Amino acid sequence: MEPAQPADRVPADQTAPELSPVEPAPPGPAAPATAEEPALVEPATDPATASGPTETNGAGETSGAGETSAAREAGESPAPPAAADTTRSERSPKDMAISLLVLLIPIALLLAFYRGFLGGDQATVVDPAPAVDSAQAAAAFPVSQPQGLEAGWRTVRADFRTVEDGSTLRLGYLTPEGRGAQIVQSSVPPERLLPTELTDQGQPQGRTDLAGRTWQRYTARGNEQAFVLLEPDRTVIVVGDARDTELRELAGALG
C-alpha cells in the first residue's frame, strides 16, 4: 500500500480531458432536460422554411436557405401564397337572357303607362293668337292665317321674332296624318331667307297656282318640299314633310 501524497502536490503530467463535440440531436421528441446539459428548443416550422434545409450554428440558432434567411434577418415572415379562386362560375346564355328580360319588363310597363295614361305621344297644342297679334302690331308685313282647314290640323308652334334685317312669324302644324308642316311669313329679303329656311338643298322645281296665286315649288332639307310665294313686302313659305296634297291645302288656306 502506497503512502498518501500531500494534497498540494499535483502530478506534472496531468492534462485536462478533451471535450468531444456535441452533435445536433436527431429529429424526434426532445429528451427531458437535465441539470448538466441545457435542452435545445427547435424553432417552429412554417410553410416558408419547410421547403429548404436548415443549418445549426454554434449558438443553437437555425436558419433557412435563400430568401427565407433574408426575410428572417429583416424581421419579416413571407406571406403565404394566395389561394386560387375556386368560386368563379360561368353564366349560361339562358341565365343572361332571363336577366335581360327582367330588366326590360319594367321599362316596357313604364313606357306603356306614359303613352297610354299620360299622353306621352300627343303633341302639345298651342294658341297662335299671341304671336299673330304681335306680328300685326309690328306692322312689318301683311299677316295671314289659314282659314277653313279640315278637322285634325293642330297648331303646335307659334312665335314672332324681329331681327336686324326684318321680322318673321312662324306657325307650325301637325297634319291629320301626324306629319309636320309650317308657314313662314317674313320681311327678311328672299336671298337671305330662302337659304336659311330651305338650306342649300332648296332648288326651284317650277310654278303652281294655289287659290288664285302663283307659288314656286322648291325642294328642301331631307324629304321635305316647299311652296314659296314672293310678294313685294313679304315672303311666304309653306314647308314640311307632309304629303303634297296637305301642303297644297295649307298654302291654299292662306287665301
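Every read-out reported here was derived from the displayed coordinates using simple, explicitly stated rules and does not represent laboratory data. As the structure is a computational prediction, the values presented were derived from the model and not from experiment. Reconstructed Cβ throughout: ideal geometry from the backbone, glycine too, with neighbour counts over all protein chains shown.
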**Item:** Net dipole in debye of the stretch 152-253 [+1 Lys, Arg Cβ; -1 Asp, Glu Cβ; about Cα centre; nearest 20]
**Value:** 200
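For the stretch 165-255, what class follows from the C-alpha gyration tensor (a ≥ b ≥ c being the square roots of its eigenvalues): rounded when a/c is under 1.5, otherwise prolate if a/b is larger than b/c, else oblate?
On the way: a/c = 1.38, a/b = 1.26, b/c = 1.10.
Taking the square roots of the gyration eigenvalues as a ≥ b ≥ c, the stretch 165-255 is rounded.
Taking Cα pairs under 8 Å and at least six residues apart, what relative contact order does the stretch 129-252 come out at, in percent?
Numbers: 235 pairs, mean separation 25.6, N = 124.
With pairs under 8 Å counted, the relative contact order is 21 percent.
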**Prompt:** For the stretch 196-255, what is the charge dipole size about the Cα centre, in debye to the nearest 20, if Lys and Arg each add +1 at the Cβ and Asp and Glu each add -1 at the Cβ?
**Reply:** 140
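Under a point-charge model restricted to the Cβ atoms of Lys and Arg (+1) and Asp and Glu (-1), what is the dipole moment magnitude of the stretch 136-185 relative to its Cα centre, in debye to the nearest 20?
Numbers: 5 positive and 5 negative charges, 28 e Å.
For the stretch 136-185, the charge dipole is close to 140 debye.
May I ask for the net charge around SER167, where only other residues with Cβ less than 10 Å from the Cβ of SER167 are counted and Lys, Arg are +1 while Asp, Glu are -1?
Residues near SER167 contribute +1 overall.
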**Prompt:** Given R₀ = 35 Å, FRET efficiency for ARG157-LEU104 by Cβ-Cβ distance, to 0.05?
**Reply:** 0.50
**Item:** Per-residue ³J(HN,Hα) for the stretch 171-181, Karplus 6.51 cos²θ - 1.76 cosθ + 1.60, θ = phi - 60°, Hz, x for Gly and Pro
**Value:** 10, x, 9, 10, 6, x, 8, x, 9, x, 7
**Request:** Count the net charge of all other residues whose Cβ sits under 15 Å from the Cβ of PRO189, scoring Lys and Arg as +1 and Asp and Glu as -1.
**Result:** -4
